[in-house]
Amino acid sequence: MAGNCLQPVKLTGSGRPVLEPNEIECFFLSGVDLLCEDDPNTSFPHLKSGLLILTTHRLLWLPESAAAGGGIPGAVPLAAVSHIFSHKKSIRSVFASPRVRFQVSLSPEGRVVAVGSRSVVATVVVRGKGDCDAFLAKFMENWRARAWKEAESGSSKAAVAVETAAASSSGGIYSSDGTVRMVGVSGILRKEQEMWESTDRSLQEAFQDLNALMSKAKEMVMLAEKMRLKLLTGSNSQTNATNDEEMGSKEEMQDWLLSVGIISPVTKESAGALYHQQLSRQLADFVKVPLEKSGGMINLIDIYCLFNRARGTELISPDDLLQACSLWEKFDVPVVLRKFDSGVMVIQTKSHSDEEVFNKVKMLVMKPDALRAGISASDAARTLGVAPAMAKEHLLSAESKGLLCRDISPDGFRFYINLFPEIRREDMYLVKDGGIYTSWVQANHTHA
């Protein structure tokens, strides 16, 4: 029913809302009803017991089972709010659930719009635990700030800049002053140099004092995101025009820009009692890209560093990270927390298969050189595309399954194929015609 009146809200794989450009989450309330008490016959829906998220642009309502597909989330743009009623103390309000009332504009079709033909009074009923007075104060503050207007003006300026860039790029090989325009790889490098010089000037301006830094922080995140998207687009269109060294530098730059910042990090101040729940969902969305780059598994310590670097000044503690990961069992997210027998904890995708890893390890350890001298964690790391520490855990797991044997020497661990299942006491010295034991004998005989 929310889809008939409220604006739709897209959700991530973990059930968190997809935010608009420059939109930041400011307040969370659980157990919230959203309805129109004055006119029950209006098209405004009656939404019960959901999660209410106040952002700088919208008022989002999410069903508690939204991640499992149990409801339709909806949004009320703050631009559609024409008035917010102040909270009045009364004897009835002492015993009733706290309420926040505001006036919303509706179109003739009954949809929530910024400029409508009529209006209704919507009511937020807080049935869960939450500071209603703090929510009302933040609601009024965001509504008066009108951050969505700044976003609209910024997007229009960006469109003008794109049109100007397109006009200049279509002017042939000669620029307006008659000089030859740089094209090809040299032109790309020069444009990137100009971009970095502009970024350097912005950074110098931002670091002059703390107030300038705070005002420029959002601009720096947006700039990094635009540069990352441009590099991603350029890597696809300029593949034939660049060499391996340039592609490697671009990939390294993309990785750095990817971890520059999360525009709207979940904080204890904004989420309150829902802090760990929302942090868990945001973390599940964040780890998708690092997991793809690390072969479906990554060390928990590495994620702690990457996630904190992306959050900027809103750092989290190791206990917060561990508690957020442990909540994944309650949510329908594609990642899980795993603990190896050695005590090492990692994050992996649910589609990750140990059998596939064991098959790759077996193919590696059956090579003639590996049959003679064994393999190390570094050898397995190159084959599996993971860090040596993770490769060592995979090898130890394969050993526990009986696939490998381990030799400990001053040079470290060496792993060999396990021959003991094929050795029988009655024919121990008889060379068989096939099997792993025969391959091992042939490899050592050839080497001798």
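Here Leu29, Leu34, Leu19, Leu52 are screened, and the one residue that is over 22 Å from Val121 (Cβ atoms) and either crowded, with 20+ Cβ neighbours inside 10 Å or small (Gly, Ala, Ser) (or both) is Leu19.
Which of the residues belonging to segment 48-68 are modelled with pLDDT under 85 and not in a loop (DSSP other than H, G, I, E, B)? Correct list: Ala66, Ala67, Ala68.
Please count how many residues of segment 328-365 are aliphatic (A, V, I, L, M), open to solvent by less than 30 Å² (accessible area, probe 1.4 Å) and more than 18 Å from Cys405 (Cβ to Cβ). Qualifying residue count, segment 328-365: 4. The residues of segment 310-321 that are surrounded by 14 or more Cβ atoms within 10 Å (Cβ to Cβ) and either without any contact (Cβ under 8 Å) to a residue 60 or more places away in the chain or in a helix (DSSP H, G or I) (or both), listed by number, are Ala310, Arg311, Glu314, Ile316, Asp320, Leu321. Hey, among Val160, Val126, which residue is at pLDDT below 65 and among the β-branched types (Val, Ile, Thr)? After applying the criteria, what remains is Val160. Within segment 371-388, none of the residues are charged (D, E, K, R), part of a helix (DSSP H, G or I), in contact with a Ser or Thr (Cβ under 8 Å, 6 or more places away or on another chain) and surrounded by 13 or more Cβ atoms within 10 Å (Cβ to Cβ). Residue check: Arg281 meets all listed conditions (1) part of a helix (DSSP H, G or I); (2) modelled with pLDDT under 90; (3) surrounded by 14 or more Cβ atoms within 10 Å (Cβ to Cβ) but one, namely (2).
Residues of segment 69-80 include at least one that is assigned to a strand (DSSP E or B), open to solvent by 10 Å² or more (accessible area, probe 1.4 Å), in contact with a strand residue (DSSP E or B) (Cβ under 8 Å, 6 or more places away or on another chain) and modelled with pLDDT of 75 or more. Filtering segment 111-122 to residues that are surrounded by 15 or more Cβ atoms within 10 Å (Cβ to Cβ) and modelled with pLDDT under 85 leaves only Gly116. Cβ-Cβ distances below 6 Å connect the following pairs, each with a first residue in segment 115-132 that is under 19 Å from Arg99 (Cα atoms), a second residue that is assigned to a strand (DSSP E or B) and of a type in the set (Phe, Trp, Tyr), and a separation of six or more residues or different chains: Ala122/Phe102.
Between Val221, Val260, the distinction of being modelled with pLDDT under 85, part of a helix (DSSP H, G or I) and within 21 Å of Trp196 (Cα to Cα) belongs to Val221 only.
The values are calculated or read from the model by the stated rules, or taken from the named source; none is laboratory data. The structure presented is a predicted model; accordingly, all values stated were derived computationally and were not measured. Reconstructed Cβ throughout: ideal geometry from the backbone, glycine too, with neighbour counts over all protein chains shown. Heads up: the accessible areas ignore ligands, DNA and RNA and are worked out on the full protein's heavy atoms, side chains in. Shrake-Rupley method; radii C 1.70, N 1.55, O 1.52, S 1.80 Å.
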